[in-house]
Every structure is written in structure tokens, then in C-alpha cells.
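Every number in this text was worked out from the coordinates using simple rules, so none of it is lab data. In this text the structure is predicted, and so the values were computed from the model without any measurement. Quick reminder, even Gly has a Cβ in these numbers, built from the backbone with ideal geometry, and neighbours come from all protein chains shown.
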Amino acid sequence: MGPDSAPGPAAPWRKVLWERQSFPDNYVDERFLGELRRNDGVRQYRYWAVVKEAGVVGQQLSCVAIFIALWLYMEQGLLSPEALLWTSLTVGLLGYALYAALRPRLGSNGEPRTPLADLQTAAIFLSFTFGFSPVLKTLTESVSTDTVYAMSALMLLAHLVSFPYAHPSPTGSLSLNAALFASVCLASRLPGALHTFAMLSCALLMFALWPCLLQSIRDNAPGPSAWLCAGVCLGGVGGLGSRWPGGAALLALALLSVTLLCPLLLVKLQRHKDNIQGPWDEAEIHEDLCHIPY
Amino acid sequence: MDGERYTDVNGKAIALDQRRHASFCTEFTVSSPKVSIGKVMVYTCSVWLLAYAVFFLTDNTAVLSSAIIITLIGMMLYIHLVKVDHESLLVIGSLGVQLSSSYASGRESTSFIEMSKIKDIVINEAVHMHQIIYYLCILLRDPADPSAVSSVVPLFQSSKPKLNCLVKVYKSCQEIISKC
Amino acid sequence: MDQLRKRAARKPAPEADTAASSGPNGRHSICMVSDFFYPNMGGVESHIYQLSQCLIEKGHKVVIATHAYGERKGVRYLTNGLKVYYLPLQVMYNQSTATTCFHSLPLLRCVFVREGITVVHAHSSFSAMAHDALFHAKTMGLNTVFTDHSLFGFADMSSVLTNKLLTVSLCDTNHIVCVSYTSKENTVLRATLNPEIVSVIPNAVDPTDFTPDPSQRQGDRITIVVISRLVYRKGIDLLGGIIPELCLKHPDLHFLIGGEGPKRIVLEEVREKYQLHDRVRLLGALEHRDVRGVLVQGHIFLNTSLTEAFCMAIVEGASCGLQVVSTRVGGIPEVLPEDLISLCEPNVRSLCAGLESVIAGLRSGAYPSPTAIHARVRHLYTWRNVAERTEKVYDRVAGEEVLPLDRRLLRLREHCGPVAGSIFAFLAVVNFLFLLLLQWLFPDQVMDMAVDASGPRGLWGPPKRDTMSAEEAAAPATKAE
């Protein structure tokens, strides 16, 4: 019974407590830890699948870069606000058409939104932005430019950190607000009220509407969406490179590490995963307990 | 006086003096050691050195004078309110118990507890600062319910003798109390 | 208090001289340390109390150290002179004290020195004070034993952290006691221990407290009793799924549920939704002495725990003569023989099937009588047996050496990894220096040795009280500051 008494094993050891066995209390059977399971139900990742998922992170990074590039063009007077507005309108309409074309296949439950309602929302947003753009233009006049830049950088970073990469469609409120705050800050440093308006509508297009379109493309056509992400990445690097080569190099480096190196690390480190399970684990309740038959 | 050496809970020597005035009347006096000159010197010197250092940095003579005043007032308050020279316990059978403590300045505080209020005298244990110590205490009878204890009066609070000393006092007290 | 006194009123050990032959030193001086003790109520608390009483009966000296509970602070005595130190340490969360590794050293050292402790026995891995006591005891060169009462997972962040702390705490502890084989496997893995120093000693129940009384059962119905805290870990959500399903099939089925907790709302919802107010009774929190009165009213005892190291409740249920149905989790399959318990998987369907078959068995009278079940269960787990086996652990530990500081530091570094090992090696050195400082400020020789009044021959025991000796005087302590 005690730890020191000599074992006289006539009967084999059993893993029961109710029987007084002729083994010492600290007896270790060869079946000790026999029910231990390792890495039960661990997902094995494939490299290219992870790269594809990481592409979403890369493209969002590039989106921010494209936005900054556009702002640089505007600020240096290389791009007129009219041109940007017309381009935004065209791209927006094309995107909307694509979104509308993809939507029926989603099998949406409930009342689908009519194009009229979409038009109404867009009109309200645009008119308010247009009406308030002179106010927004002068909003940060009393703040020093350095502060504005620092704030924008911080907010864009917050946007990137809090962006819901797994399901971009309802853009997280924190990430969307951070992005819009940053664009208001940046837009207010542009030369005129129309510039501000053009920049803000472009920001809405890029940070509010683009993730929705991306989500529906990803749901419907996973193959092309990967190429789309790659395209956005290239566009970001190219756009930034034309005004700020150093920034473009940094962006390219970041994109490479996020989309290629990090997945490689994840897949390589999977080998070291050592997850142990056994009878001591808390049981999980799998049933949906709300659906009890009456 | 007997040959046994007594100490308090911190290991400092104390003296227990027992006087039997009569078979029913005994007085115990626990005396702590006197304030040592060396200790006073050390404290005074350290305060003055500190004051001199501050004076050296600030060039303000008020620091020096205030240090002197603080030392003097501190010493006076210490011997008048804190430093207990000896505590005594006078047990008179059938009459009561008188507790008195006299401070180093000569001030004395005395209190008397009638025998009818006393339920018992016991030795108890308590957590005191970061120590667990034995102490002697008087249990006071609850006037409403004679079998209950209403409150506890600890004895020898400042000298805090160790158990062997407490046991000696306890035995004599029990002898007297059990007689009446 | 009444209940503790009543339980302890058992007869003293028949021969008092066994103490002399029980170990190499004859008699151990044990200090049980845990944050959890009376007036808190639970498995750990009653384990410490019952084990201490049985050890005192066997002639050992036992004191208990815990933290102050509200007004209950200082030194108290329980039955048979069991001395309890309620130390004024700050409680942080869930009755567990805050730990800084050092601040409890002066008081715990005082307890260990004045009581002449040879073995420090800490309980429960949730108790910070227990780990502190192990740490200090090792610094002071005392032998240490630790009892683990609970199971932990390995998956989430908090268990990773607590398991690391447990590794550090147990790496130089002399012996560990677990309450079931599953618990042993769990503890060995969590603390990366050598399984040879881990003993399995189950909990026990007092069979005299849990006797059957079939007359309390109502013949026209079948009653299922559930007694547990109403929390997620006890599977109350499963219970909420079982109740409507079985109540619809069996119109004579009643549920009697004792206990309180955040999941009570689930059961109330179910009761409301299916109009079962007269068939599902929620009794609320139960006093330990009322548990038997509830148990004997039932036919079936149901336990839906999701994790459990030992589960005393099912033994109590079986001891009252009930048919036990339980989930097959943790150490539960080890506790009762197969014919006394129906084990089910932890899901509603399996539990319902298990309960259905037991109900069918009850209707056809296939099960033995409650008295017969009680007679089988009453000898399975007794506190005397637990105390005997624990005593052997103490005997073994008393012969082992406590690692001196240099080897202890090496062991910490080797066993706990370079980072945590170094940090805790540093803490161990600081603790050692703190101990030296305390020994210089308040030397051991200056401290009064506590008067030992425990045990059957002690001053609190039933034997004759001769002349009022001086030592006795120290015993009738009633209240401490």
C-alpha cells in the first residue's frame, strides 16, 4: 500500500481506486500515460493555400500604399481632382456592376437591396461629403502639419492592425473609422475643397466598398481573387514607386515577408507543434442545446 | 528573585520581580532594560549628521536648529509616552487586580479591575506584527451573561515576556484566584 | 463548526503507543498549508480536516495554516486540539492569497519553527499560499509534500502559465499526492515530474454520514438527485438538455437539484419552458449536513461533470444506496466498480440512454437494495485508510534529504528551463537571504516553542484531566488578536 512496501504482484495492476491492490501507491505501470494523445485533430497547412490567404493581408497593405500614392500625386498637383473623380466614378460603377452580377449567386436570404436604395445611399454620402468638404478642408488648419502626418500614419496603422482579414465584408468599425480619420487628416492638407472631396470619395471607395467586392469575389471565384490580390500588390508597389522609390522598396519587402516568408515559417513550425490530450481534458459539449424536441 | 533568566519575545533580557505581600496578595514587576546611552547617541548622531548633510547642500541654518529641536522633543515624547520602564501586576485575592505601567520619564498609568468582573486569567497566542507570540490576559465577565467573556485585557503589553515568565506569573495568579 | 465537531467526535485510536512505531522518528510534526479551509466549504477543506483528525488519532502532531477569513484570524483550536493558524495575509481572488513569494515568510517561518514542524504538506494547486509555503519550507530545509486535487488542460494560455508555475513549485518537492490515477498522469505531465515520486491516495467519505434510508423515497415516482455547484464545468448545460427529454417520456420522473451557481438560470429556463415546476425542484445551496437528507429521497444519482479528478459526490450518492449515473470523464471511471455506476459519454443522448436503462432496471427491480449497496461502498474509501497511506508518504519523505541551496538552484535551472529556472533560482536566493535576515533579527532560539495540546493523550483529548498544569494553561485559548 505504502510507497515503500515491496510489490508482490500476483494479480495484474488495474487502474481502479476502489480495489485495494498489492502495489505501492507510487507504482508506475507500463500503461501509465497510455491514453495520452498527441496533436489530435491538428490541421495540416499546405504552403500555397496559406500564401493565398496571406494575399489578403498583402493587398490591404497595398491599398493603403495606393491611397498614399494618390495623395502624393494630388498634393504635388500632378493629378487634377476632376480626373480622380471621373476615374473613381468609373471604377465605382464597374465594381458595382461586378458586385451586382456576383450577388444573385450568393443566394442571399431576406430582402435583397434594390439598385435604387444603393443609389440613394451613395447620393446621400456624396452630397454630404461635398457639402462638408470646405469644412473638412479647414478642420485641421490650426494643427501643425507634422502632427497631422503622424496622426494619419498612426490611424492607417490602426486600420491595418484591426482590419478583419478573415471576413473583410462588413469592414470592422474600428478599422473603417481609423482609415476615414486618416483620409480626412490627409485630405485637409490638399490645396482646395474639390481636392478634399475627391480624396474622401476615393477613400470611401477604397476602404469601405472595395473590401465588400473583394469578399464576394473571394466567395465566388477563389482562383481569380488570388490574382486580383497579386495585381493590387503590384499596383501598390508601382504606384508608390513612381513618387517615392524608397517607400516602394520597403513595401515590396513587407509584402514579400507577409505573403511568402510568414506562411513558410508557419508551415515549417508546424512540425514542432506538440499538443497533448487525455482523459483529464474538460469534455466539450457539441450539441446545440437549444434544439430540444418538444 | 530567583536565578532564572527571563527575556522578552525579541530576546532582550528582562527582570521579573515577585513580591508576596501576603498569602492572598502578590505583586509582579517586569522591568525592561534602561535606555542605553549608546543607542541614544547613535540615533542623535544619525539625525544630526543627516541634518548637517542637508545644511551642507542647502545652506539653510534652520535645518540645524530644527534637527536639534526634533531630537529633543522626540526624546522627551519617547520617554514620556513610549518607553516603559516597568510594568507591574498586583493581584489581591477577593479584591481585584491592579495593573500599572511606569514610563521612563516617571509617569505612571494605573488601572484596577474588580475581582467580580474577572472571569479568568489565561495565556493566549496572537499574531503580533510578523511574529506569533504568547501573552497573558484577563478575561472579563460579561455582566449580562456570567458564563460569557465580554472582553480581554492583555497584560505586560510593552515588555512582552516569553512563555516561561508568563507561566510563572500565571501559576501564582491562578493560586490566588482559585482561593477566593 | 457544529458539523466539524460532530464528525471529529469519533473514538480515539485504541492503542496510543502505535505512534512510537509509525515512522523513523516515531512521530511526525506536520503543517498542512492551504488557502482553503473552514469556514470555506468544499472538497479540499474537508480533505484537510479529516486527514488531520485521522493523523492526530494516529499520534502525529498536526497544525493547519491558512489565511484569515474576515473576523476569523489568529489562532483557533478545533476538535482534538487541532490547531489552526489564520494568518493575516491579503486575499486576492477566489479566496486565494496574493503572492509575492516573500511576504508570507516571516509568519510561516514563525509557525514552522515554534511548532517544530518536520513535514510541510501543501494542498491544492489553486492555492498561492500552498506554493509559498512549499517555497519557504524548502528554503528552511524542511521536507515537503504536495497534494493536487484538480485536473488542468494544456490547451489555453492560462494553463500554460499555471503549469509552468507548478513545474517550478514541484520540481524540488519531495513527494506529491494525487487523488486518482488520471490526476497523477495529469500532474506528472503538467509539472514534468518523475512518476515515482507521485503517489495516488484517493479521497474518502465518512460512511456514517451517508447511510441509506429507503423510507424517505416516494414509491409512486422515480427521483433523480443532482448535487453539485451549478457551473459550466459541472455540465449543467447537459442537465438542461436531459431534463425535458426524460420528463416527456416518463411522467413519474422527478428531479431534485441541490446547489447554487451561475448556471441556475439554465435550469430555471428549462423548467419554465416545459412547465416542469412540480417535477424539477431546485433546492439552492445546501449545507453539508443537509446533503444526506436530500440524497436518501432519490433513486438515481446523476453527475454530469465535464471534468473531475476524483468526484466524492458519486461515492456519497452510492453510499446512500442510490444508482449512480455519471459522465466518463477524468478520474470518475476509477472510483466505483462497474456494477455500481453507469458511465455515459458527456452528451445528452448518451446520458439519456444511460438513465433510461437504469430507470428500466429500477422498474423491473434488477438492482440490489440500498442497504446492500451501502454495505459494499462503506469500506471502499475511509479516512483511516487515507491517513495510513499518507503516513507512509511522510515516513518515506522524512528519510529523504532536502536539497541544499546550491543543488536546489542547479535543479531549478535544469528542470524549469533557462529563463523560468533562472528567475526562480534568483528568487530562491533572495528568499534565502531574507531568511538569514529574519534569523538574525529574531533568532530561532528566542522563539517560544508552542505547547502541543493535540492528540488523544493531549490536553484536549477525552482522557483524565489531572491537576491544572502550566502547559494546560496555554491551551484554553479562545480568541487571538
As straight-line cross-link partners of A:Lys273, the qualifying aspartates and glutamates (C-alpha separation under 20 Å, not fewer than 8 residues apart within one chain) are A:Glu35, A:Asp40, A:Asp281, C:Asp156
Checked against a 18 Å limit on the C-alpha separation, the offending pairs among A:Lys15/C:Lys164; B:Lys117/B:Lys179; B:Lys12/B:Lys39; A:Lys15/C:Lys234; C:Lys58/C:Lys83 are A:Lys15/C:Lys164; A:Lys15/C:Lys234
Computed curve, segment B:37-81, Cα-only Debye sum without solvent term, log₁₀ I(q)/I(0) at 0.15, 0.22, 0.28 Å⁻¹, is -0.39, -0.72, -0.96
Taking Rh as the Kirkwood radius computed over alpha-carbon pairs of chain C and applying Stokes-Einstein at 10 °C with viscosity 1.306 mPa s, one gets a diffusion coefficient in µm² s⁻¹ of 66 µm²/s
Taking placed amide H atoms and a strict 5 Å upper bound, the residues 5 or more places from C:Ile64 or on another chain that come that close are C:Met32, C:Lys83, C:Val84, C:Tyr85
Distance in Å, no decimals, from the C-alpha centre of segment C:60-133 to the one of segment A:229-257 is 64 Å
Longest principal axis of chain A (C-alpha) makes with the long axis of helix A:145-162 (C-alpha) an angle, in degrees to the nearest 10, of 40 degrees
Averaged over the residues of C:141-150, the number of partner chain Cβ atoms within 10 Å of each residue's own Cβ comes to 0
In whole Å, largest first, the alpha carbons of chain B cover along the principal axes 70, 42, 30
Rounded to the nearest 5, the percent of antiparallel DSSP beta bridges in the protein assembly as shown equals 55 percent
Shielding of B:126-138 by other chains, given as the mean Cβ count within 10 Å, works out to 6
Rounded to the nearest Å, the spacing of the alpha-carbon centers of segment B:93-166 and segment C:141-171 is 46 Å
HN-Hα couplings for segment B:128-144 via Karplus (6.51, -1.76, 1.60; θ = phi - 60°), in whole Hz with x for Gly/Pro, come out as 10, 6, 9, 10, 10, 10, 8, 8, 9, 8, 9, 8, 8, 6, 7, x, 6
Using alpha carbon positions and the Kirkwood radius, the Rg to Rh ratio of the protein assembly as shown is 1.09
Mean other chain Cβ within 10 Å across C:175-182 is 4
In chain C, helical segments from DSSP H whose Cα atoms cover 30 Å or more along their own axis and that average at least -0.5 on the Kyte-Doolittle scale are C:418-441
Rounded to the nearest Å, the spacing of the alpha-carbon centers of segment B:1-49 and segment B:57-80 is 28 Å
HN-Hα couplings for segment A:215-232 via Karplus (6.51, -1.76, 1.60; θ = phi - 60°), in whole Hz with x for Gly/Pro, come out as 4, 6, 5, 4, 5, 8, 9, x, x, x, 5, 5, 5, 4, 4, 4, x, 4
Here the longest stretch of chain A that holds no trypsin sites (Lys or Arg not before Pro) in a DSSP loop having at most 16 other beta carbon atoms within 10 Å is A:114-272
Any aspartates and glutamates whose Cα falls less than 13 Å from that of C:Lys273, other than same-chain ones fewer than 8 residues away, would be C:Glu245
At R0 = 22 Å the Cβ-Cβ FRET efficiency linking C:Ala353 and A:Glu284, nearest 0.05, sits at 0.70
One computes Rg over Rh for segment C:263-354 from alpha-carbon atoms, with the Kirkwood Rh, and obtains 0.97
The orientation-averaged projected area of the Cα convex hull of segment B:73-168, in nm², is 7.6 nm²
